[in-house]
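Below: the structure, in structure tokens.
Just so it is clear, none of the values below were taken in a lab; they were calculated from the coordinates. No experiment lies behind these values; they were computed from the predicted model shown. Note that each Cβ is placed from the backbone with ideal geometry, even for glycine, and that neighbours are counted across all protein chains shown.
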């Protein structure tokens with residue numbers, strides 16, 4: 001399973017709201033850009049330094065970039081849990 005697939009089924013796993021395919025691809029693109037711009041480097045948390053970098057690089061009035069990191073960390077935790085069960 002990849003990040004996009006996880007986002008599309010996350011509402012059944014995490015009890016969150018459904019994310020459509022187009023939005024899932026947008027979150028994936030945001031993640032790629034956060035990594036490319038060295039704003040996010042795989043941390044399993046969002047601290048003030050990351051938030052400052054996001055705000056300095058993007059106009060993120062809807063918090064899509066910090067939410068992207070949150071969803072990605074959920075995805076990594078989900079993968080870890082499923083691997084531990086196997």
Considering each residue of the stretch 53-67, count those that are surrounded by 11 or more Cβ atoms within 10 Å (Cβ to Cβ) and over 19 Å from residue 15 (Cβ atoms), and give that number.
-> 10
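Being over 10 Å from the mean Cα position of the chain (by Cα) and closer than 12 Å to residue 4 by Cα is the filter here; which residues of the stretch 17-28 pass it? Spell out the reasoning first.
First, the residues of the stretch 17-28 that are over 10 Å from the mean Cα position of the chain (by Cα): 17-23, 25-26.
Matches in the stretch 17-28: 19, 20, 21, 22, 23, 25, 26.
Sort out which residues of the stretch 6-17 are surrounded by 12 or more Cβ atoms within 10 Å (Cβ to Cβ) and free of Cβ contacts under 8 Å to residues at least 24 places away in the same chain, and write them in order of number.
Applying the first criterion (surrounded by 12 or more Cβ atoms within 10 Å (Cβ to Cβ)) to the stretch 6-17 yields 6-11, 13-14, 16.
Listed by number, the residues that qualify are 8, 9, 11, 16.
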Taking the stretch 39-52, which residues are without any contact (Cβ under 8 Å) to a residue 12 or more places away in the chain and surrounded by fewer than 10 Cβ atoms within 10 Å (Cβ to Cβ)?
-> 41, 42, 47, 48
